[in-house]
Amino acid sequence: MTKSKLNLVIVTGMSGAGKTVAIQSFEDLGYFTIDNMPPTLMPKFLDLIEQANDNNQVALVVDMRSRLFFNEITSVLDKIESNENIDFKILFLDATDGELVSRYKETRRSHPLAADGRILDGIKLERELLAPLKSLSQNVVDTTELTPRQLRKTISEEFSGDRNQTSFRIEVMSFGFKYGLPLDADLVFDVRFLPNPYYKPELRDLTGLDEPVYDYVMSHESSQEFYQHLSALIKPILPGYQKEGKSVLTIAIGCTGGQHRSTAFAHRLAADLKDDWSVNETHRDKDRRKETVNRS
């Protein structure tokens, strides 16, 4: 079997132009990412990544914070380019001097090349030092007028391995209120008002993923009515979360113990959403057992 090439993106550019947002965007796309990588360490690091063969997508931030190593960047890039197993691109982020000054004043941070002088002097020096690298870049993005969300969208559209892939995914989970609310939940729904399979001895030790329990939970008119309202509420708002740049939306459905009702509803919702979205389904308390009575 032919070994797939390593897809490498080197993220560089002006300080304050959005490299932090960029590297976070690559991480959301499934890239292995490292911020502030010294250029001289890149060849050895890439050798290790190739041998590991765990992930063929890598994004590295290289910028003037590694100034002592930055003079080596041209020779390092020549070595990488000569490696036929690596397909690499340079993403250069830029912005106008005025916008960069404004961003530094807003964050009250000092420019890495202007520790003892004006911010504008550091920006001009950095622009001069980065000019050769900018000329080598296959992708130059001016972030002057871009919001962080727009920059993430630009990177997703350009560097997603599958043009239909999205960095937005949905986590649908079930849980038991008796064990506490999920800390990472964005939307929480309570199904404790529905008929409880716990009181059916033949269903007590099963879960909402078992057909008898699932059918029992969904057989009631109240369950069907609630699910229709739940689906009608959730589906129209998902594009809004994606548009605003949210990478993960966690929808949590809870019952008392997280074994029967919430598991059945989470399973149904996840299966329903998978037709149009990237969805992961989890059941936090489905198999949780205690010596005390477990009324789910």
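The gain in end-to-end length when the Thr144 to Phe32 segment is fully stretched comes to 37.6 nm, 0.36 nm per residue minus the alpha carbon separation. Listed values [x] 19.3; [y] 16.2; [z] 20.6 include one computed from this model; for mean projected area of the Cα convex hull in nm² that value carries the label [z].
Counting Lys and Arg as +1 and Asp and Glu as -1, what is the net charge of the other residues whose Cβ lies under 14 Å from the Cβ of Ile80?
Working: positive: Lys5, Lys44, Lys79, Lys89; negative: Asp47, Glu50, Glu72, Asp78, Glu81, Glu84, Asp87.
For residues surrounding Ile80, the net value is -3.
A straight Cα-to-Cα reach below 21 Å connects Lys105 with the lysines Lys19, Lys124, residues fewer than 8 places away in its own chain not being considered. Only Cα pairs under 8 Å and 6+ residues apart enter the sum, and on that basis the relative contact order of the chain stands at 20 percent. Note on Phe175, Phe226, Phe193: ascending count of other Cβ atoms within 10 Å places them as Phe193, Phe226, Phe175, the fewest first. FRET efficiency for the Asp186 to Glu211 pair, using the beta carbon distance and R₀ = 35 Å, is estimated at 0.70.
Modelled this way, with points 7 Å down the Cα-to-C-beta line, the labels at Glu106 and Lys200 are 5.7 nm from one another.
Counting 0.36 nm for each residue step from Gln224 to Arg169 and taking away their Cα separation leaves a gain of 17.2 nm.
The numbers here are math on the coordinates, done by the rules we state, and not lab data. Model, not experiment: these values are computed from the prediction. Glycine also receives a Cβ, built like all others from the backbone with ideal geometry; neighbour counts cover every protein chain displayed.
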